[in-house]
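The values are calculated or read from the model by the stated rules, or taken from the named source; none is laboratory data. This one's a predicted model, so the numbers in the text were calculated from it and none came from an experiment. Neighbour counts run over all protein chains shown; Cβ positions are idealised from the backbone, glycine included. Quick note on the areas: whole protein, heavy atoms, side chains included, nothing else; ligands and nucleic acids left out. Shrake-Rupley method; radii C 1.70, N 1.55, O 1.52, S 1.80 Å.
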Amino acid sequence: MSLEDAGRFSIDKQTPFLKYLDCFLRISAVPLSVATIWLTATNQQDNTDYGKIEFQNFLGLKYMVWISGICATYAFASAACTLLKFLVAKAWLFFIPDQIIAYLMVTSGAAVLEILYLAYKGDRGVTWSEACTSYGRFCSKVKLALILHFLALCCFLALAVISGYRAFSIYEPPSVSSKEAEEDRA
């Protein structure tokens, strides 16, 4: 395939299975991300001994909400482009954002996982006690939101692999001269 053909790469040249899997994963990421946002943003609990806790008290939870919002918006727009065959001819337009979204989702998930770890275990070295015995419902909702975020991350990890395959499969592997091949065998 020449470089001239590379500019006209289309999703239709790929197997139909990849096309449907790509579309399914993009559409699946939207409700997972929206549910993550809803669970996190509406999460609050009042305790008579320690006071009220809500997601806005934690920077990591706010970060996950923002990243989930970006993920849902991008997943919806890219699914629409895929379904409408708009901009699909440019494999790189999906490859780079898919990679970026996957990495951002990993970082936000790691931030929330650290918050959950400290909420369940505490840190005696800095005199932080565990908080989930006092705020059990809050911790359970954050845990469920993290699970949904992880499922959306799995969708984007698979999408990153698929879009990488599409972006790089338009180029042929480098050719090896017969003289170089003989030298490698010896």
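Quick notes
- All of I96, I101 fail the test of being crowded, with 18+ Cβ neighbours inside 10 Å and more than 17 Å from L39 (Cβ to Cβ), apart from I101.
Yes/no per residue for (1) modelled with pLDDT of 95 or more; (2) assigned to a helix (DSSP H, G or I); (3) within 14 Å of F150 (Cβ to Cβ):
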position: L87; (1), (2), (3): no, no, no
position: K90; (1), (2), (3): no, no, no
position: F95; (1), (2), (3): no, yes, no
position: M105; (1), (2), (3): yes, yes, yes
position: G109; (1), (2), (3): yes, yes, yes
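Yes or no, residue by residue, for (1) open to solvent by 80 Å² or more (accessible area, probe 1.4 Å); (2) small (G, A, S); (3) over 19 Å from the mean Cα position of the chain (by Cα):
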{"position": "T40", "(1), (2), (3)": "no, no, no"}
{"position": "D46", "(1), (2), (3)": "yes, no, yes"}
{"position": "F58", "(1), (2), (3)": "no, no, yes"}
{"position": "S68", "(1), (2), (3)": "no, yes, no"}
{"position": "Y74", "(1), (2), (3)": "no, no, no"}
{"position": "S78", "(1), (2), (3)": "no, yes, no"}
{"position": "T82", "(1), (2), (3)": "no, no, no"}
{"position": "K85", "(1), (2), (3)": "yes, no, yes"}
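- Inside segment 117-151, residues that are open to solvent by 30 Å² or more (accessible area, probe 1.4 Å) and at positive phi make up a count of 1.
- Scanning segment 12-27 for residues that are surrounded by fewer than 18 Cβ atoms within 10 Å (Cβ to Cβ) and either in a helix (DSSP H, G or I) or modelled with pLDDT of 95 or more (or both) yields D12, K13, P16, F17, L18, K19, Y20, L21, C23, F24, I27.
- Cβ-Cβ under 7 Å pairs, at least 6 apart or on other chains, segment 144-170 side touching a residue at least 40 places away in the same chain (Cβ under 8 Å), far side of a type in the set (D, E, K, R): F156/D98; L159/D22; L159/R26; L159/D98; A160/D98; I162/D22; S163/D98
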